[in-house]
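Below is one structure; the comments refer to it alone.
The values are calculated or read from the model by the stated rules, or taken from the named source; none is laboratory data. Not measured: the values here are computed from a predicted model. Don't worry about glycine lacking a Cβ; one is built from the backbone with ideal geometry, like all the others, and counts go over all protein chains shown.
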Amino acid sequence: MSEQKTVHFIIERQDSPDSKPYTEEFLVPYRPALNVVAALMEIQKKPVTKDGKKTTPVVWECNCLEKVCGACMMVINGKARQACATLVDQIPQPIRLAPARTFPVIRDLQIDRSVMFESLKRIQGWVEIDGSWEVNTAPIQNPYTAATAYEISHCMTCGCCLEACPNVGPQSDFIGPAPTVQAYLFNLNPLGKFDKEKRLNALMEKGGITSCGNSQNCVEVCPKDIKLTTYLAQLNRDVNKQALKNIFNK
Amino acid sequence: MSKKNIIVVGGGLSGLMAAIKICEAGGELKLFSYCPVKRSHSLCAQGGINACMNTKGQNDTTWEHFDDTVYGGDFLADQTAVKGMCETAPKLIKMFDRMGVPFTRTAEGVLDLRNFGGQKNKRTVFAGSTTGQQLLYALDEQVRKWEVKGKVKKYEFWEFIKIIKNDKNVCRGIVAQNMNSMEIEAFSADAVILATGGPGVIFGRCTASTICNGSAVSAVYQQGAEIGNSEFIQIHPTAIPGSDKNRLMSEACRGEGGRVWTYKDGKPWYFLETMYPAYGNLVPRDIAARAIYDVCVNQGLGINGENRVYLDLSHIPAEYLERKLGGILEMYSEFVGDDPRKVPMQIYPSVHYSMGGIWVDTKHNTNIPALLASGECDYQYHGANRLGANSLLSAAYSGTISGPEAIRWSESDEIGDELTDVQLAAAKQACVDDFESIISMNGIENAHELHHELGDLMNKYCTIVRVNKELDYCMDELKKILARWNDIGVSDKGHWANQEAMFVRQLRNMILYAMVICKAARMRDESRGAHYKPEFPDRNDEKFLKTTIASYNTETHEPEISYRDFDHSLIKPRPRRYDVAKGGK
């Protein structure tokens, strides 16, 4: 009788925001195309550690399992990524899972990313329209500009880029690459650009774009391949221009 | 003067659209969601949103969109409601365009349109292959603006448990639970909108997100809300089978020229093109799903004898594919490992969408006063089968109706008295007691294993082909699963982010909803749209041109099924065929 092939997980757990982290190890039955979320689901069905100790199911966040909702971001073998799109065949074992500690931990692998949504308020991440009723027909757009907007608009607020950025953390107020680059998205829009100055001024404040150290880590980890550093550089130029303009208009 | 205090449960496309309308009308709202609303399931919609933009020189009309939708739904949809939706669609697209949705554009800079199933004209507006994501983000952004203005208070990571009615039986509040602190609270409101999405997770593996469990719908059903047409479950013909979930491969693949085939006598057989020459690969979903099932299961012609067929894009130039379908091709490569630009994809049908849901009138009122429902959780617009790219439309459109209607309730005398502190406290205490008894469950069943069994059962008996004898068996098994629910053991006894205990509560709701689907399927002895019974292969308008209504029997815990007339006054039912052109006008 051949032994069933298993996948070895070492999971960093934490019972509550203030309690001490600890690790537990699990063996999950292998199957082709197994991804990390599916493996965590197996642990839910049988919450028993590698040593046969009964435990509680691991807590994590997930929704779509298609790499579009951004919920299941965690640190897998040291790298921030979406758990659903991480196939166990593609990474070495044992597989180490940890919460993205750039954010406060709620429990186990679940983290609190509300700061990212707050930052979207700060950069005024919306197009100011008069109302949802009929007003005007929207302006025609250059299809190439629209394609750039489409690329940036894939950002799912997962937080990989914040986790990877050396300037996001307790030592700095930097709001991080994702929310910053969203300002560029709305500045591209033919109606959104009416508020371009507001957004650029918001990025001049503490925690804005001057806190970006250009380490280029963000672009490496973005699961949506958004050219974050390109847009950060362009925004930086726009902010500098705006700063000069502000001086001369004083 | 009343504050117009509304509760919206669910932050997908419909809930957010309703939220915007409520704010614009001067209302204030509390928005409850399992997750940050930006992560709601609407974002999984890929292919597009239907609207008669008529920019392709095809003389498309809103009437044609209306007729396609009614015909595609096998004449079971309320026609006045559908007509309103199709007429409003182009205006909604203009609104989304103004909000900054990065729609795919033509060389001239206007919104591009693509083909979709069951429609002869190009009518589907799209943003690459992530249209739902882009539409959801636009509404999320607009709601964030209202949040900054103090009109929206979000309760994200809160689970809806049940509604609270006042002495006049009017819905005047809800009980919900904070998913981290586990604290349970009662909230009062003038009216409540449920926009909680579909029940796909009842089937275990499906194309839905893990949050689409139908639990909220089941909860209000147990409190007296009627469910309509629950037997009509859409099986999407082209999904990537997976052990954790089936991942959707958009109908846009076929809309952009993708062909479905398998080998027969050693040669590629494009069976949809052979069987349905008039529509070919662009037949509606129920038709395509049944054809694939027939080819694989009855004829044994699946790839290598397995339940798979090819969905082939490899004949289309890579640059074109990248522009029109980029996101999903990348998803296929990532989860399967093959490049669909070079080799045909392998797909099989999967549970995808529920045409049925909470019964509502054309203003999205349920049968419980001041409780409204909109989006996939309601039963409106799609009849017996939904056309692709009509779901984003119905989600957004229904929010534009339910939001203002909730405001109307808030200004009406009919809602009676606000909930008293005593009523709020009693409702809360009942939920606290239920939750504590779940936490203390010490039986032998694992809730996730039991859910797995539920999914297998529903997938086997309540999907593409339905047989009465098997449905009877399925119902018996569901009763056993319900009984076994009482014997669940909860391993996590804690009161902090206890996902296991919350899942146990959801699971019971899922089982009761599964019974509604199964029983309604058992009772409808005909074949119509997604509901197919070989024993009754024809549509029977004389007996079943009616809405199925399910009500909860509090004693037996089972649904009672009845039938209700609906409005089909505008287009006379005619035979639905896709091998020849549709006819009618």
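Considered as a group, the residues in the stretch B:312-367 that are part of a loop (DSSP other than H, G, I, E, B) and of a type in the set (D, E, K, R) include one that is nearest to the other protein chains (Cβ to nearest Cβ), and that residue is B:Asp338. Determine, yes or no, whether A:Glu66 is in the same structural domain as A:Val37 (by TED's automatic domain parsing), of a type in the set (Asp, Glu) and under 14 Å from the mean Cα position of the chain (by Cα). Taking the combined requirement at face value, the residue does not satisfy it. Quick one: is B:Val37 touching a helix residue (DSSP H, G or I) at 6+ places or on another chain (Cβ under 8 Å), of a type in the set (A, V, I, L, M), at pLDDT 95 or above and over 30 Å from A:Ala149 (Cβ atoms)? So B:Val37 does not fit the description; no.
Which of (1) in the same structural domain as A:Lys20 (by TED's automatic domain parsing); (2) in contact with a helix residue (DSSP H, G or I) (Cβ under 8 Å, 6 or more places away or on another chain); (3) crowded, with 21+ Cβ neighbours inside 10 Å is the odd one out, the single condition A:Leu87 does not satisfy? With (1) in the same structural domain as A:Lys20 (by TED's automatic domain parsing); (2) in contact with a helix residue (DSSP H, G or I) (Cβ under 8 Å, 6 or more places away or on another chain); (3) crowded, with 21+ Cβ neighbours inside 10 Å applied to A:Leu87, the lone miss is (3).
One residue stands out among those in the stretch B:527-571 that are assigned to a loop (DSSP other than H, G, I, E, B) and small (Gly, Ala, Ser): the one that is surrounded by the most Cβ atoms within 10 Å (Cβ to Cβ), which is B:Ala530. Can you spot a residue in the stretch A:32-52 that is buried (at least 20 other Cβ atoms within 10 Å of the Cβ), at the interface with another protein chain (Cβ under 7 Å from one of its Cβ atoms), hydrophobic (A, V, I, L, M, F, W, C) and in contact with a Cys (Cβ under 6 Å, 6 or more places away or on another chain)? Within the stretch A:32-52 (the criterion being buried (at least 20 other Cβ atoms within 10 Å of the Cβ), at the interface with another protein chain (Cβ under 7 Å from one of its Cβ atoms), hydrophobic (A, V, I, L, M, F, W, C) and in contact with a Cys (Cβ under 6 Å, 6 or more places away or on another chain)), the answer is yes, since at least one residue qualifies. Pairs linking a residue in the stretch A:115-140 that is within 15 Å of A:Asn189 (Cα to Cα) to a residue that is part of a loop (DSSP other than H, G, I, E, B) and small (Gly, Ala, Ser), with Cβ atoms under 8 Å and 6 or more positions apart or on different chains, are A:Trp126/B:Gly100; A:Val127/B:Gly100; A:Ile140/B:Gly109. For the stretch B:1-25, filtered to residues that are assigned to a helix (DSSP H, G or I) and among the small types (Gly, Ala, Ser), the residue that is surrounded by the most Cβ atoms within 10 Å (Cβ to Cβ) is B:Ser14.
A single entry from A:Asn246, A:Asn240, A:Asn187 fulfils the requirement of being assigned to a helix (DSSP H, G or I) and either modelled with pLDDT under 95 or in contact with a strand residue (DSSP E or B) (Cβ under 9 Å, 6 or more places away or on another chain) (or both): A:Asn246. For the stretch A:160-184, the tally of residues that are small (Gly, Ala, Ser), in a helix (DSSP H, G or I) and within 14 Å of the chain's Cα centre (by Cα) stands at 2. For the stretch A:179-206, a tally of residues being buried (at least 19 other Cβ atoms within 10 Å of the Cβ) and more than 12 Å from chain B (Cβ to nearest Cβ) returns 8. The criterion of at least 2 residues that are at the interface with chain B (Cβ under 8 Å from one of its Cβ atoms) is met, among strands (runs of 3 or more DSSP E) falling completely within the stretch A:68-159, by A:105-107. The residue list B:Ala252, B:Ala219, B:Ala208, B:Ala225 contains one member that is out of contact with any strand residue (DSSP E or B) (no Cβ under 7 Å at 6 or more places or on another chain) and among the small types (Gly, Ala, Ser), which is B:Ala208.
Quick check: is even one residue across the stretch B:303-319 modelled with pLDDT of 95 or more, crowded, with 16+ Cβ neighbours inside 10 Å and of a type in the set (D, E, K, R)? Yes; the residues of the stretch B:303-319 include at least one that is modelled with pLDDT of 95 or more, crowded, with 16+ Cβ neighbours inside 10 Å and of a type in the set (D, E, K, R). Within the set B:Glu542, B:Glu526, B:Glu560, the sole residue that is of a type in the set (Asp, Glu), under 18 Å from B:Glu470 (Cα atoms) and without any contact (Cβ under 8 Å) to a residue 60 or more places away in the chain turns out to be B:Glu526. For the stretch B:489-511, filtering for residues that are more than 8 Å from every other protein chain (Cβ to nearest Cβ), hydrophobic (A, V, I, L, M, F, W, C) and more than 18 Å from B:Asp456 (Cβ to Cβ) leaves 4. Residues that are within 23 Å of B:Leu387 (Cα to Cα) and β-branched (Val, Ile, Thr) were ranked within the stretch B:99-119; the one that is surrounded by the fewest Cβ atoms within 10 Å (Cβ to Cβ) is B:Thr104.
For the stretch B:229-264, what are the residues that are farther than 17 Å from B:Gly117 by Cβ, within 14 Å of chain A (Cβ to nearest Cβ) and crowded, with 24+ Cβ neighbours inside 10 Å? Selection gives B:Ile240, B:Lys245, B:Asn246, B:Arg247. Would the stretch B:159-176 turn up any residue that is over 20 Å from the mean Cα position of the chain (by Cα) and within 14 Å of chain A (Cβ to nearest Cβ)? No, that holds for no residue. The set of residues from the stretch B:382-411 being part of a loop (DSSP other than H, G, I, E, B) and surrounded by fewer than 24 Cβ atoms within 10 Å (Cβ to Cβ) comprises just one member, B:Glu411. Being of a type in the set (Ser, Thr, Tyr), crowded, with 19+ Cβ neighbours inside 10 Å and at pLDDT 95 or above, is that true of even one residue in the stretch A:109-117? The answer is no, given that none of the residues of the stretch A:109-117 is of a type in the set (Ser, Thr, Tyr), crowded, with 19+ Cβ neighbours inside 10 Å and at pLDDT 95 or above. Candidates in the stretch B:37-69 are the residues that are in contact (Cβ under 8 Å) with a residue 60 or more places away in the chain and of a type in the set (Val, Ile, Thr); of these, the one that is farthest from B:Asp565 (Cα to Cα) is B:Val37. Selection within the stretch B:120-148: residues that are free of Cβ contacts under 8 Å to residues at least 12 places away in the same chain and of a type in the set (Lys, Arg). The member of this set that is surrounded by the fewest Cβ atoms within 10 Å (Cβ to Cβ) is B:Lys145. Summed over the stretch B:527-561, the residues that are touching a Leu at 6+ places or on another chain (Cβ under 7 Å) and under 27 Å from B:Leu482 (Cα atoms) give a count of 1.
Here is the figure for the stretch A:53-64: residues that are in contact with a helix residue (DSSP H, G or I) (Cβ under 6 Å, 6 or more places away or on another chain) and facing chain B (nearest Cβ under 8 Å) total 5.
Conditions tested, residue by residue: (1) farther than 26 Å from B:Ala384 by Cα; (2) of a type in the set (A, V, I, L, M, F, W, C); (3) touching a strand residue (DSSP E or B) at 6+ places or on another chain (Cβ under 8 Å).
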site: B:Tyr137; (1), (2), (3): yes, no, no
site: B:Asp140; (1), (2), (3): yes, no, no
site: B:Glu159; (1), (2), (3): yes, no, yes
site: B:Lys162; (1), (2), (3): yes, no, yes
site: B:Asn166; (1), (2), (3): yes, no, yes
site: B:Cys171; (1), (2), (3): yes, yes, yes
site: B:Gly198; (1), (2), (3): no, no, yes
site: B:Phe232; (1), (2), (3): no, yes, yes
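Within the set B:Gly72, B:Gly117, the sole residue that is outside the structural domain of B:Asn390 (by TED's automatic domain parsing), in contact with a Phe, Trp or Tyr (Cβ under 9 Å, 6 or more places away or on another chain), over 16 Å from B:Ala396 (Cα atoms) and touching a residue at least 40 places away in the same chain (Cβ under 8 Å) turns out to be B:Gly117.
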